[in-house]
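Each remark here refers to the structure printed beneath this line.
What follows is calculated from the coordinates using simple rules that are stated; it is not laboratory data. In this text the structure is predicted, and so the values were computed from the model without any measurement. Reconstructed Cβ throughout: ideal geometry from the backbone, glycine too, with neighbour counts over all protein chains shown.
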């Protein structure tokens with residue numbers, strides 16, 4: 001990272017990236033890598049992998065074993081929660097659809113949101129957010145195969161790479177988690193930091209960002 005990087009002033013932020021059995025690997029680690037690079041660049045952020053149901057190791061959709069740092073329900077409460085998808089379009093005993101149906105994770109996310117947390121879904125993680133009831137009438141993006149189902153839950157589904165509606169963010173399928181991460185960096189710490197991270201990971205942001213009525217005013221600094 002450039003040593004002279006200008007970081008917009010911001011209070012320290014705690015970010016929790018949720019993991020659960022059957023979560024898609026890149027849904028988790030795409031935004032995690034981007035946000036971890038923000039921490040390495042000097043941004044005041046603490047990022048953790050948090051278990052949806054505890055701290056026991058979980059097996060991802062593609063077979064990796066991930067051990068959470070802590071549980072989502074435990075302190076300290078995060079300011080931002082990233083919710084992955086995985087297994088929503090192909091129903092299985094584990095994955096995003098199973099989490100949405102069981103209800104425990106949506107209930108916890110609804111509680112965290114009521115306490116002031118921002119929620120951000122990756123890919124079919126929007127299906128989990130839909131189960132919270134928070135997406136009704138709100139703009140959202142998700143994997144193209146999940147759009148009809150998320151729309152049926154009352155969401156205003158957009159064909160966008162990233163959707164920012166302030167306290168609720170979302171993105172399209174799988175690789176869009178990188179764009180979501182970079183957008184979060186841009187809106188929190190500035191465009192220069194986001195550009196430096198994109199260059200560091202050799203990723204060129206793609207697609208459109210739809211700004212909903214509750215999105216913060218864009219800042220190009």
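Suppose R0 equals 45 Å. What FRET efficiency, 1/(1 + (r/R0)^6) with r the Cβ-Cβ distance, do residue 90 and residue 70 give to the nearest 0.05? After rounding, the FRET efficiency stands at 0.95.
Let's test the formula: R0 of 30 Å, r as the Cβ-Cβ distance of residue 62 and residue 151. What FRET efficiency results, to the nearest 0.05?
For residue 62 and residue 151, the calculated efficiency is 0.60.
Spin-label pair residue 55-residue 40: with each label point 7 Å from Cα along the Cα-Cβ axis, the two points sit 2.6 nm from one another. Applying 0.36 nm per residue to the separation of residue 102 and residue 8 and subtracting their alpha-carbon distance, the gain on full extension is 29.8 nm. Counting only alpha carbon atoms, the long axis of helix 176-189 and the longest principal axis of the chain meet at about 50°.
Based on the mean of other Cβ atoms within 10 Å per residue, sort peptides 122-133, 158-169, 50-61, 65-76 so the most packed one is first.
122-133, 158-169, 50-61, 65-76
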